[in-house]
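Trainee: There's a structure below that I have some questions on.
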């Protein structure tokens, strides 16, 4: 995407000095040589070194890659847990001008093969434990010329059918730590990540050096990270740049902690490291934060998390999560919003000191919003008519974002056209913005109802209906309407003991007040709601089932008729 | 200066999105609309508004400038105290693509006229109180087409011979707040500042939008400024971008305090504002910080400066300044280094938590150093042989700096060639770097002695000699030597009561231990040392006086002879 850009008067600044990732670790080795990096190998065994030693290994790795024939512009895939080697690979591959391709180890075989082939990856780094994942697609990938296994064993002790194959550590043993790092055009890709959306093939986002550099500075600045912090890399580094935290560490001189291999079943690993390494900053989805809290409840001594901040993303953190960490020393969970296309951080929830007179309840409610845009980003929430919605916290629109670390296209993909508009990435997420500037994402846009020229959030309606004790479950869908374009139709399943007793009007009472009159849904009681194979409401089927519901100009909700 | 830059693989990031200053205040108006800006008009009278209202006035100002014929690329001079209008001008002028030329109100008439003519400024904004300064050069400036006076009076009440002349506030009254801000090539100049060196004509540094944007993020990040801070703009905004603090405010959502007109005689203004506005961050040279402390001593109640941080630049802060603020609630004075060419911040002293086991005395001593390089900058300290000096805190070299906010040339000036080397700015400052990465600047390079292939700091030698009680004053100069190229010669004036009693060896005892043998000076006792008109040692005269001193291979210091 190109903008209309005007020229002013020439500057005398060093504008040709390129923002390169390698300079971040090079500067850390110079300014913070002794700051520690801790990498968990397995239970109770941590590998410890520092920025100077990491930089030396990164130099060796780059020398090895060069000898293996990796050149500027090549794509090199990495499938690895959150380890110090993953950290080294990010710098060494991008430092020599190649692209570090993140490989999500949870992708389906079909998608994994697609990503490797679409990016035309030349080499693959794979952790010993993940060799089977890669072997399963090895015969489908077309461009890979070599594999490098990451292990502490000797290569001849490793079982693998991948070939030709090298050992990461054995390669490093032979090399010199000095590498003559080139200055790379900052608009070149440093890393690539493919979306893992549920519809269609993964889409390739290729992040520039400039993009990740500015993203890193913005996070450090907005959440206030500095050389007194200890950062735990809680989010997988193969997923959306690991939210960039591993790069904030060397940027500001903070200590880094890599937890190695863990899953949602073994989040005790994260908690134990947070306690033993005195972590002050971490990140993770509520899917991680909830089991972590549960594990903490089992500990004989409650940890003191004073000063701890956790960025929480993906889904809205339940109030119990916010409160749970707060009770451990006023630790703050900051809800954030992002996606593969936004590198990923676009919004983050930090309290503005200007919001005075709020009750603690209001603060909690506000803290569940996705928050404020990061500095340097332009955002818009646009309604059906393409104009920005008013900042009333109610009117729903689609979130659009642009800025130096927001994608402006997909690599070699015809879907670019539908997802990028006037330099903005169209998120496909529907939400509101309030008078304090806080954004709340409510639905995927495709689930939102377009009615009378405005959008109505189905998820907000569903949550309100669920407030009625008699309701077992409820799904709201948009159904064509001759006058209003679409109108919300609520399919409500009552609890057994409530059937025949609860009226539609009683349920609407739960919705009134929170929604405008024209947003109130038509309610029908049903015995069950169709579900997909993973247990979500099958709204597509429901919509086709009730497609003619309003064809005869029924409009009871607007007229507030009782059932 | 261009670097050798290689291309990698194309990215899909929004790399064409330009870093523009206007986006900083536009984002602040969106995200932090209510955050306050306080501007002192005169004693006891403060103008108060917020980021939203400032942005509105900036829009009006840009509309007015456009109607006055100011176009992208034009240079517009500003001579003003630290006020909200100065703040608005920075954004409005640069936002429409023109260049805000900083005019230092302490320049000589000759230099002021030179700066205006060299930059070919088209319009001049001048505070009512500074009209006489500008009138004194009005007949020498050749390109100025119009003047705008900043005052709260009506224009017809203002006495001025400048013409044609407009009133800032009257221009704004007529305008609309909406301005259709262009996206400006980030390599275009946003502002210009001319050096005020003592030798030769001022040199023009034209800062790009990109340069100041990255500088702002780096400061916010490295000193940890955020929306809970209250920033006092202590450094004049006509001097080296006011160290960029006024721009950090809207970047992070901190409250801003502008002190208006003040001098080193009226620093009580700064202290009173720090107390009344609950300032957490400020900046200033020791020339300001010392009288501020003196004023604080006269207050009946000591202020509580808990959490306060002050960046101190220009000269080394005396220990009494560091301790003085520390005693007011552990307020931290952070010594920093910069110059017009470095936008200005290049080094800043913040404690690394890894330096353990230090005594408080060692910490104080370390805190007086200029500190660590800011992230994103490359620095080198190179010795006589052009190679980097070892990090031993002793070996002297010249500081070289490069990076995205370091100048790479002077505007239209033949002196560019001698001051920029391989993309680095050669600072002309001599100093050392220690094992912890801290830089200490000791001398101007021209005052350093080149001996036996290494440099010796004259100021360090002088300070050591001054440690002897019998010494009244001492100046060390470099004198040609047949074997060692140059050798240090110390001219020492003894106190009256010490004459004839103190030996040269006794004085050398103060120097030994701190310096290597080969660095020890030859000492001669003199009755007086020649001085310049401003009371500094006239080393040029002294050097010519003793030019033949070592011609006959005298080398007593090296051989440790007694006098």
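Trainee: So, in the range A:408-442, of the ones that are away from chain B (no Cβ under 14 Å) and surrounded by fewer than 19 Cβ atoms within 10 Å (Cβ to Cβ), which residue ends up nearest to residue A:315 (Cα to Cα)?
Mentor: Checking each candidate, the answer is A:428.
Trainee: Restricting attention to the range B:174-189, does a residue exist that is in contact with a strand residue (DSSP E or B) (Cβ under 8 Å, 6 or more places away or on another chain), assigned to a loop (DSSP other than H, G, I, E, B) and more than 14 Å from chain A (Cβ to nearest Cβ)?
Mentor: Filtering the range B:174-189 for residues in contact with a strand residue (DSSP E or B) (Cβ under 8 Å, 6 or more places away or on another chain) gives B:182-189.
Of the ones still in play, those that are also assigned to a loop (DSSP other than H, G, I, E, B) are B:182, B:185-187.
With more than 14 Å from chain A (Cβ to nearest Cβ) added as a condition, the list becomes none.
No, because not a single residue in the range B:174-189 is in contact with a strand residue (DSSP E or B) (Cβ under 8 Å, 6 or more places away or on another chain), assigned to a loop (DSSP other than H, G, I, E, B) and more than 14 Å from chain A (Cβ to nearest Cβ).
Trainee: Hey, does the range A:445-468 have a residue that's in a loop (DSSP other than H, G, I, E, B), over 20 Å from residue A:391 (Cα atoms) and touching a helix residue (DSSP H, G or I) at 6+ places or on another chain (Cβ under 8 Å)? Spell out the reasoning first.
Mentor: Taking the range A:445-468 as the starting set, the residues that turn out to be in a loop (DSSP other than H, G, I, E, B) are A:448, A:452-453, A:457, A:467-468.
The next check asks that each one be over 20 Å from residue A:391 (Cα atoms); those that pass are A:467-468.
Still in the list and also touching a helix residue (DSSP H, G or I) at 6+ places or on another chain (Cβ under 8 Å): A:467-468.
Looking through the range A:445-468, at least one residue is in a loop (DSSP other than H, G, I, E, B), over 20 Å from residue A:391 (Cα atoms) and touching a helix residue (DSSP H, G or I) at 6+ places or on another chain (Cβ under 8 Å).
Trainee: Give just the number: which of (1) more than 10 Å from every other protein chain (Cβ to nearest Cβ); (2) part of a loop (DSSP other than H, G, I, E, B); (3) touching a helix residue (DSSP H, G or I) at 6+ places or on another chain (Cβ under 8 Å) does residue B:405 not satisfy?
Mentor: Failing condition for residue B:405: (1).
Trainee: Would a scan of the range B:349-367 turn up a residue that is within 30 Å of residue B:449 (Cβ to Cβ), free of Cβ contacts under 8 Å to residues at least 60 places away in the same chain and touching a strand residue (DSSP E or B) at 6+ places or on another chain (Cβ under 8 Å)? Spell out the reasoning first.
Mentor: Taking the range B:349-367 as the starting set, the residues that turn out to be within 30 Å of residue B:449 (Cβ to Cβ) are B:349, B:361-362, B:364-367.
After this cut, where a residue has to be free of Cβ contacts under 8 Å to residues at least 60 places away in the same chain as well, the list is B:361-362, B:364-365, B:367.
Subsequent filtering for residues that are touching a strand residue (DSSP E or B) at 6+ places or on another chain (Cβ under 8 Å) retains B:367.
Within the range B:349-367, one or more residues are within 30 Å of residue B:449 (Cβ to Cβ), free of Cβ contacts under 8 Å to residues at least 60 places away in the same chain and touching a strand residue (DSSP E or B) at 6+ places or on another chain (Cβ under 8 Å).
Trainee: Return the total of residues in the range A:254-264 being modelled with pLDDT of 95 or more and part of a loop (DSSP other than H, G, I, E, B).
Mentor: In the first step, residues of the range A:254-264 are kept if they are modelled with pLDDT of 95 or more; the result is A:254-261.
Now restrict to residues that are part of a loop (DSSP other than H, G, I, E, B): A:254, A:259, A:261.
Residues in the range A:254-264 being modelled with pLDDT of 95 or more and part of a loop (DSSP other than H, G, I, E, B): 3 in total.
Trainee: Any residue that is at the interface with chain A (Cβ under 7 Å from one of its Cβ atoms), more than 21 Å from residue B:209 (Cβ to Cβ), more than 30 Å from the chain's Cα centre (by Cα) and in a loop (DSSP other than H, G, I, E, B) - is there at least one of those in the range B:12-29?
Mentor: Yes, the conditions are met somewhere in the range B:12-29.
Trainee: Only one of these is at positive phi, at pLDDT 95 or above and surrounded by fewer than 24 Cβ atoms within 10 Å (Cβ to Cβ): B:73, B:44. Name it. Lay out the reasoning, then the answer.
Mentor: Values: B:44 fails: at pLDDT 95 or above.
The conditions single out B:73.
Trainee: Would you please name the residue that is farthest from the other protein chains (Cβ to nearest Cβ), looking only at residues in the range A:218-228 that are out of contact with any strand residue (DSSP E or B) (no Cβ under 7 Å at 6 or more places or on another chain) and buried (at least 24 other Cβ atoms within 10 Å of the Cβ)?
Mentor: Start the filter on the range A:218-228 by keeping residues that are out of contact with any strand residue (DSSP E or B) (no Cβ under 7 Å at 6 or more places or on another chain), which leaves A:218, A:220-221, A:224, A:226-228.
With the extra rule that they be buried (at least 24 other Cβ atoms within 10 Å of the Cβ), the set shrinks to A:218, A:220-221.
Values: A:218: 7, A:220: 5, A:221: 4 Å.
Taking the candidates together, the pick is A:218.
Trainee: Separate question: Report those helices (runs of 4 or more DSSP H) wholly inside the range A:55-139 carrying at least 1 residues which are more than 30 Å from residue A:31 (Cα to Cα).
Mentor: Numbers: elements: A:84-95, A:109-119, A:131-135.
Once the helices (runs of 4 or more DSSP H) in the range A:55-139 are filtered for at least 1 residues that are more than 30 Å from residue A:31 (Cα to Cα), what remains is A:109-119, A:131-135.
Trainee: For residue A:380, are the conditions met, namely being out of contact with any helix residue (DSSP H, G or I) (no Cβ under 7 Å at 6 or more places or on another chain), surrounded by 14 or more Cβ atoms within 10 Å (Cβ to Cβ) and not in a loop (DSSP other than H, G, I, E, B)?
Mentor: Working: out of contact with any helix residue (DSSP H, G or I) (no Cβ under 7 Å at 6 or more places or on another chain): yes; surrounded by 14 or more Cβ atoms within 10 Å (Cβ to Cβ): yes; not in a loop (DSSP other than H, G, I, E, B): yes.
Considered against the rule, which asks whether it is out of contact with any helix residue (DSSP H, G or I) (no Cβ under 7 Å at 6 or more places or on another chain), surrounded by 14 or more Cβ atoms within 10 Å (Cβ to Cβ) and not in a loop (DSSP other than H, G, I, E, B), residue A:380 comes out as yes.
Trainee: What are the residues in the range A:140-177 that are under 31 Å from the mean Cα position of the chain (by Cα) and over 22 Å from residue A:63 (Cβ atoms), if any?
Mentor: If the condition is that a residue be under 31 Å from the mean Cα position of the chain (by Cα) and over 22 Å from residue A:63 (Cβ atoms), then A:140, A:141, A:142, A:143 are the ones that fit.
Trainee: Test each condition in (1) within 12 Å of chain B (Cβ to nearest Cβ); (2) surrounded by 24 or more Cβ atoms within 10 Å (Cβ to Cβ); (3) modelled with pLDDT under 95 for residue A:250 and report the one that comes out false.
Mentor: (3)
Trainee: I'd like the full set of residues that are away from chain B (no Cβ under 14 Å) and at pLDDT 95 or above, limited to the range A:377-386.
Mentor: Initial filter on the range A:377-386 (away from chain B (no Cβ under 14 Å)): A:382-386.
Matches in the range A:377-386: A:382 only.
Trainee: A further question on this structure: Of everything in the range A:544-560 that's modelled with pLDDT of 80 or more and surrounded by 15 or more Cβ atoms within 10 Å (Cβ to Cβ), which residue is nearest to residue A:476 (Cα to Cα)?
Mentor: As a first pass, look at the range A:544-560 and keep what is modelled with pLDDT of 80 or more: A:544-551.
Keeping just the survivors that are surrounded by 15 or more Cβ atoms within 10 Å (Cβ to Cβ) gives A:545-546, A:549-550.
Details: A:545: 13, A:546: 11, A:549: 13, A:550: 14 Å.
Taking the candidates together, the pick is A:546.
Trainee: For the subset of the range A:205-217 comprising residues that are facing another protein chain (nearest Cβ under 7 Å), part of a helix (DSSP H, G or I) and out of contact with any helix residue (DSSP H, G or I) (no Cβ under 6 Å at 6 or more places or on another chain), which member is nearest to residue A:409 (Cα to Cα)? I'd like the intermediate steps shown before the answer.
Mentor: Filtering the range A:205-217 for residues facing another protein chain (nearest Cβ under 7 Å) gives A:205-208, A:210-211, A:217.
If we keep only those that are part of a helix (DSSP H, G or I) as well, we get A:210-211, A:217.
Next, from what is left, pick out any that are out of contact with any helix residue (DSSP H, G or I) (no Cβ under 6 Å at 6 or more places or on another chain): A:210-211.
Working: A:210: 16, A:211: 14 Å.
Looking at the filtered set, the residue picked out is A:211.
Trainee: Looking only at the range A:190-204, count every residue that is at the interface with chain B (Cβ under 10 Å from one of its Cβ atoms) and either assigned to a loop (DSSP other than H, G, I, E, B) or under 18 Å from the mean Cα position of the chain (by Cα) (or both) and tell me the total. Break it down into steps so the answer makes sense when it comes.
Mentor: Initial filter on the range A:190-204 (at the interface with chain B (Cβ under 10 Å from one of its Cβ atoms)): A:190-192, A:203-204.
Narrowing further to those that are either assigned to a loop (DSSP other than H, G, I, E, B) or under 18 Å from the mean Cα position of the chain (by Cα) (or both): A:191-192, A:203-204.
Within the range A:190-204, residues that are at the interface with chain B (Cβ under 10 Å from one of its Cβ atoms) and either assigned to a loop (DSSP other than H, G, I, E, B) or under 18 Å from the mean Cα position of the chain (by Cα) (or both) number 4.
Trainee: Name the single residue, out of those in the range B:85-115 being over 21 Å from the mean Cα position of the chain (by Cα) and farther than 22 Å from residue B:67 by Cβ, that is nearest to the other protein chains (Cβ to nearest Cβ).
Mentor: The residue in question is B:114.
Trainee: Between B:105, B:146, B:101, B:89, which is surrounded by fewer than 20 Cβ atoms within 10 Å (Cβ to Cβ), under 22 Å from residue B:207 (Cβ atoms) and touching a strand residue (DSSP E or B) at 6+ places or on another chain (Cβ under 7 Å)? Talk me through it step by step, then tell me what you get.
Mentor: On the way: B:146 fails: under 22 Å from residue B:207 (Cβ atoms); B:101 fails: surrounded by fewer than 20 Cβ atoms within 10 Å (Cβ to Cβ); B:89 fails: surrounded by fewer than 20 Cβ atoms within 10 Å (Cβ to Cβ).
After applying the criteria, what remains is B:105.
Trainee: Continuing with the same structure: Is it fair to say residue A:325 is over 24 Å from residue A:430 (Cβ atoms), touching a strand residue (DSSP E or B) at 6+ places or on another chain (Cβ under 9 Å) and buried (at least 22 other Cβ atoms within 10 Å of the Cβ)?
Mentor: Values: over 24 Å from residue A:430 (Cβ atoms): yes; touching a strand residue (DSSP E or B) at 6+ places or on another chain (Cβ under 9 Å): yes; buried (at least 22 other Cβ atoms within 10 Å of the Cβ): yes.
For residue A:325, the condition - over 24 Å from residue A:430 (Cβ atoms), touching a strand residue (DSSP E or B) at 6+ places or on another chain (Cβ under 9 Å) and buried (at least 22 other Cβ atoms within 10 Å of the Cβ) - is met.
Trainee: May I ask you to list the residues in the range A:509-537 that are surrounded by fewer than 16 Cβ atoms within 10 Å (Cβ to Cβ) and assigned to a loop (DSSP other than H, G, I, E, B)?
Mentor: Going residue by residue through the range A:509-537, those that are surrounded by fewer than 16 Cβ atoms within 10 Å (Cβ to Cβ) are A:509, A:512-514, A:516-518, A:524, A:527-528, A:530-536.
A:513, A:514, A:516, A:527, A:528, A:530, A:532, A:533, A:534, A:535, A:536, listed by residue number.
Trainee: Give the residues of the range A:178-232 that are free of Cβ contacts under 8 Å to residues at least 60 places away in the same chain and over 30 Å from residue A:272 (Cα atoms), sorted by residue number.
Mentor: Across the range A:178-232, the qualifying residues are A:180, A:187, A:197, A:198, A:199, A:208.
Trainee: What is the number of the single condition among (1) facing chain A (nearest Cβ under 9 Å); (2) crowded, with 21+ Cβ neighbours inside 10 Å that residue B:81 does not meet?
Mentor: Unmet for residue B:81, out of (1) facing chain A (nearest Cβ under 9 Å); (2) crowded, with 21+ Cβ neighbours inside 10 Å: (1).
Trainee: Quick check, is residue A:395 surrounded by 22 or more Cβ atoms within 10 Å (Cβ to Cβ) and away from every other protein chain (no Cβ under 14 Å)? Show your work before the answer.
Mentor: On the way: surrounded by 22 or more Cβ atoms within 10 Å (Cβ to Cβ): no; away from every other protein chain (no Cβ under 14 Å): yes.
Answer is no for this residue.
The values are calculated or read from the model by the stated rules, or taken from the named source; none is laboratory data. What you see is a predicted model, and the numbers here were worked out from it, not measured in a lab. Ideal geometry is used to build each Cβ from the backbone, glycine not excepted, and the neighbour counts take in all protein chains shown.
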